[in-house]
Amino acid sequence: MKSRKKGKFIIYVSLAVTFLLWLLSKNLPTEITAQPLVAICQITALLGTILFVWSMLLSTRLDFLENLFGGLDKIYKIHRKVSEIGFVLIILHPLTLALSSPEIGATYFFPVHTKAGVNLGVYSFWVFVTIILITLLVRNLKIPYHIWKQTHKFLNLAMALALVHVVTIQSDTSSFEPLGIWMKVLTGLGVASGLYMTFFYNKAGPRYEYEIVEIKRYGDIHDVFLKPIKHKLPYKLAQYVYVSFISEGISKETHPYCIMSLPQEDILRFSIKELGDYTKKLGKLKVGDKAIVHGPYGHLSEKFVETDKDSVFIAGGIGIAPFVSMFKQASINNSRAKVTLFYCTKYKKEASFEDELIQIAAANDNLKYYNQCSREINGGHLSIEQITSCAPNTQNTNIYLCGPTKMMEDMATKLIKAGFNKQNIILENFEML
Ligand SMILES: Cc1cc2nc3c(=O)[nH]c(=O)nc-3n(C[C@H](O)[C@H](O)[C@H](O)COP(=O)(O)OP(=O)(O)OC[C@H]3O[C@@H](n4cnc5c(N)ncnc54)[C@H](O)[C@@H]3O)c2cc1C
């Protein structure tokens, strides 16, 4: 089974087990059919909670999860999906409860109950709803990522309240022990995941200290070189890390960047484009500043390292970052497979690493480099014909894409139409929201 499918399968199993235990908690099927709204209210609460447990677990960046789901970028996509579905289910919970007893229905949305456990459920509900609404609206409202991230931490609170709610209320979870134990263990896992990420990840997670030894600047791109202070980060080709720079005037928040250096090199290299409020401050970075590096993550180069198929790299803008090292490695390995790199920029002057890439390509006839400029005279978007003319063997070519999400999705669709195998098209997404 493909790694992403393994992870999804485990999520489905956890939902199926919850559903089964809930069914077993009923003495007679008529308990469900006699009060269908109550039944929906119960099952939506249980399944919604399990999905939020997954949502919390998936945000822990733990190694075994990366392997199960095929990379952190895939994990964040699934994290978003399970949160969205969990959100709908959690909303249905008090809604169906209210509909099942209309005379007191509205009270289920307010903390006015005599039993504290029920009120905690109401608080949990509102915290969940608020955070998920912020997340769903974050793009439209242009809420800065770091502020959104702070709001996301309150999910721990919602999860903890939900846990106490599940444990204390009179329901199937209290009357049927196996279901009670199952829900307590899983919500406990959700709470533990949130606590780990909020309080322990920065100190106890994979963490390496580095110092900046050189910075080159090309327009709005900072090419940063760092040396390890004690231990070198072990990593694979084109993986990425979360970096927190310790520098005056720059926030210590962590941001993900691809590693442009080779795993065998001691110096770590990142190329960072100014894109938003945080990266625009990186002009203040200077030699001697420290950095904390968390990771590594990512599986982009796995197939490239493991197979001897031809490769096509398609980079949009700063999406060139992972391909610089992969292209260099192909040259060092004296690759017998064809490796073609298309560096797509708007203008020629934006192709920051052009000299370096031309030099790498010049050393091996199997390596080809092209800069495709969409806005130069005689330029335009990269066409499928350009790709197939360099990679005519569509069945024996792996295509790697890194750039704006829309560009990658459009290109992937066209490539599949042109005869490339879907499983040979590998995407690295720089947008995790
Ligand atoms: C796996 C991965 C590898 C990346 N590699 C590179 C690279 O090599 N070079 C490069 O220039 N950029 C890279 N990026 C993008 C880079 O992380 C963002 O451009 C940067 O974090 C933007 O921060 P900002 O506050 O300046 O911009 P904002 O305008 O606040 O953010 C722009 C977008 O960047 C993302 N983002 C912002 N902050 C974070 C964060 N702390 N964690 C995760 N995502 C965030 C969000 O999708 C957000 O919508 C990578 C992103 C990912 C996910």
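The values are calculated or read from the model by the stated rules, or taken from the named source; none is laboratory data. As the structure is a prediction and not an experimental result, all values here were calculated from the model. Note that each Cβ is placed from the backbone with ideal geometry, even for glycine, and that neighbours are counted across all protein chains shown. Each accessible area value is taken on the protein alone, full model and side chains, heavy atoms only, with ligands, DNA and RNA left out. Shrake-Rupley method; radii C 1.70, N 1.55, O 1.52, S 1.80 Å.
Restricting segment 227-278 to residues that are basic (Lys, Arg) and away from the ligand (no atom under 15 Å from the Cβ), which is farthest from Ala321 (Cα to Cα)?
Filtering segment 227-278 for residues basic (Lys, Arg) gives 227, 230, 232, 236, 252, 269, 273.
After this cut, where a residue has to be away from the ligand (no atom under 15 Å from the Cβ) as well, the list is 227, 230, 232.
On the way: Lys227: 19, Lys230: 25, Lys232: 20 Å.
The residue in question is Lys230.
Give segment 67-96 a look and list any residue that's open to solvent by less than 40 Å² (accessible area, probe 1.4 Å) and over 30 Å from Cys258 (Cβ atoms), or say none.
Step one: filter segment 67-96 for residues open to solvent by less than 40 Å² (accessible area, probe 1.4 Å), giving 68-73, 75-76, 78-79, 82-83, 86-87, 89-90, 94, 96.
Answer for segment 67-96, where residues must be open to solvent by less than 40 Å² (accessible area, probe 1.4 Å) and over 30 Å from Cys258 (Cβ atoms): Gly86, Phe87, Leu89, Ile90, Pro94, Thr96.
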Is there a residue being at pLDDT below 90 and over 30 Å from Val38 (Cβ atoms) anywhere in segment 152-164? yes
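Answer with yes or no whether Gly105 is away from the ligand (no atom under 16 Å from the Cβ), under 30 Å from the mean Cα position of the chain (by Cα) and of a type in the set (Gly, Ala, Ser). Full working, then the answer.
On the way: away from the ligand (no atom under 16 Å from the Cβ): yes; under 30 Å from the mean Cα position of the chain (by Cα): no; of a type in the set (Gly, Ala, Ser): yes.
It is false that Gly105 is away from the ligand (no atom under 16 Å from the Cβ), under 30 Å from the mean Cα position of the chain (by Cα) and of a type in the set (Gly, Ala, Ser).
If I filter segment 56-66 down to residues being within 14 Å of the ligand (Cβ to nearest atom) and not hydroxyl-bearing (Ser, Thr, Tyr), which single residue comes out as least open to solvent (accessible area, probe 1.4 Å)?
Filtering segment 56-66 for residues within 14 Å of the ligand (Cβ to nearest atom) gives 59, 61, 66.
Of the ones still in play, those that are also not hydroxyl-bearing (Ser, Thr, Tyr) are 61, 66.
Numbers: Arg61: 23, Glu66: 6 Å².
Only one residue fits best here, namely Glu66.
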Complete set of residues in segment 275-296 that are open to solvent by 20 Å² or more (accessible area, probe 1.4 Å) and either assigned by TED's automatic domain parsing to the domain that holds Asp63 or touching a Pro at 6+ places or on another chain (Cβ under 8 Å) (or both): Gly276, Asp277, Pro296
Residues of segment 21-49 classified as among the hydrophobic types (A, V, I, L, M, F, W, C), free of Cβ contacts under 8 Å to residues at least 40 places away in the same chain, part of a helix (DSSP H, G or I) and over 28 Å from Leu157 (Cα atoms), total: 3
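Within segment 105-121, does at least one residue satisfy the condition of being part of a helix (DSSP H, G or I), open to solvent by 20 Å² or more (accessible area, probe 1.4 Å), charged (D, E, K, R) and at pLDDT 85 or above?
No, segment 105-121 has no match at all.
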Sort out which residues of segment 285-303 are at pLDDT 95 or above and farther than 20 Å from Phe200 by Cα, and write them in order of number. Leu285, Lys286, Val287, Gly288, Asp289, Lys290
Positions within segment 144-189 being open to solvent by 80 Å² or more (accessible area, probe 1.4 Å), within 16 Å of the ligand (Cβ to nearest atom) and either under 27 Å from Thr114 (Cβ atoms) or aromatic (Phe, Trp, Tyr) (or both), in sequence order: Tyr145
Answer yes or no: is there a residue in segment 127-135 that is part of a helix (DSSP H, G or I), aromatic (Phe, Trp, Tyr), open to solvent by less than 70 Å² (accessible area, probe 1.4 Å) and touching a residue at least 24 places away in the same chain (Cβ under 8 Å). yes
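Could you check segment 393-408 and list, in sequence order, the residues that are open to solvent by 20 Å² or more (accessible area, probe 1.4 Å) and either modelled with pLDDT of 95 or more or among the β-branched types (Val, Ile, Thr) (or both)? Break it down stepwise before answering.
From segment 393-408, those open to solvent by 20 Å² or more (accessible area, probe 1.4 Å) are 393-396, 404-407; that's our starting set.
Across segment 393-408, the qualifying residues are Thr394, Thr405.
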Which pairs have Cβ atoms under 7 Å, sit 6 or more apart or on different chains, and link a residue in segment 364-393 that is closer than 12 Å to Phe342 by Cβ and in the same structural domain as Lys348 (by TED's automatic domain parsing) to one that is of a type in the set (Val, Ile, Thr) and open to solvent by 40 Å² or more (accessible area, probe 1.4 Å)? Tyr369/Ile358
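Being modelled with pLDDT of 95 or more, open to solvent by 80 Å² or more (accessible area, probe 1.4 Å) and part of a helix (DSSP H, G or I) narrows it down to one residue among Gln359, Gln329, Gln386; which is it? I'd like the intermediate steps shown before the answer.
On the way: Gln329 fails: open to solvent by 80 Å² or more (accessible area, probe 1.4 Å); Gln386 fails: open to solvent by 80 Å² or more (accessible area, probe 1.4 Å).
Going through Gln359, Gln329, Gln386 in turn, just one is modelled with pLDDT of 95 or more, open to solvent by 80 Å² or more (accessible area, probe 1.4 Å) and part of a helix (DSSP H, G or I): Gln359.
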Does segment 426-433 contain at least one residue that is more than 15 Å from the ligand (Cβ to nearest atom) and open to solvent by 20 Å² or more (accessible area, probe 1.4 Å)? no
Among Ile377, Ile416, the single one that is in a helix (DSSP H, G or I), open to solvent by 40 Å² or more (accessible area, probe 1.4 Å), farther than 28 Å from Tyr242 by Cα and more than 16 Å from the ligand (Cβ to nearest atom) is Ile416
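From the residues in segment 305-322 that are farther than 18 Å from His381 by Cβ and buried (at least 23 other Cβ atoms within 10 Å of the Cβ), which one is nearest to the ligand (Cβ to nearest atom)? So that I can check it myself, show each step before the final result.
Step one: filter segment 305-322 for residues farther than 18 Å from His381 by Cβ, giving 305-311, 321-322.
Next, from what is left, pick out any that are buried (at least 23 other Cβ atoms within 10 Å of the Cβ): 311, 321-322.
Working: Ser311: 19, Ala321: 3, Pro322: 7 Å.
Going through the qualifying residues, I end up with Ala321.
If I filter segment 67-89 down to residues being of a type in the set (A, V, I, L, M) and within 16 Å of the ligand (Cβ to nearest atom), which single residue comes out as farthest from Ile426 (Cα to Cα)?
As a first pass, look at segment 67-89 and keep what is of a type in the set (A, V, I, L, M): 68, 72, 75, 78, 82, 85, 88-89.
Filter once more, so that each one left must be within 16 Å of the ligand (Cβ to nearest atom): 72, 75, 78.
Details: Leu72: 14, Ile75: 15, Ile78: 17 Å.
Across segment 67-89, the extreme among qualifying residues is Ile78.
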Of the residues Pro296, Pro322, Pro392, which single one is assigned to a strand (DSSP E or B) and not hydrophobic (A, V, I, L, M, F, W, C)? Pro296
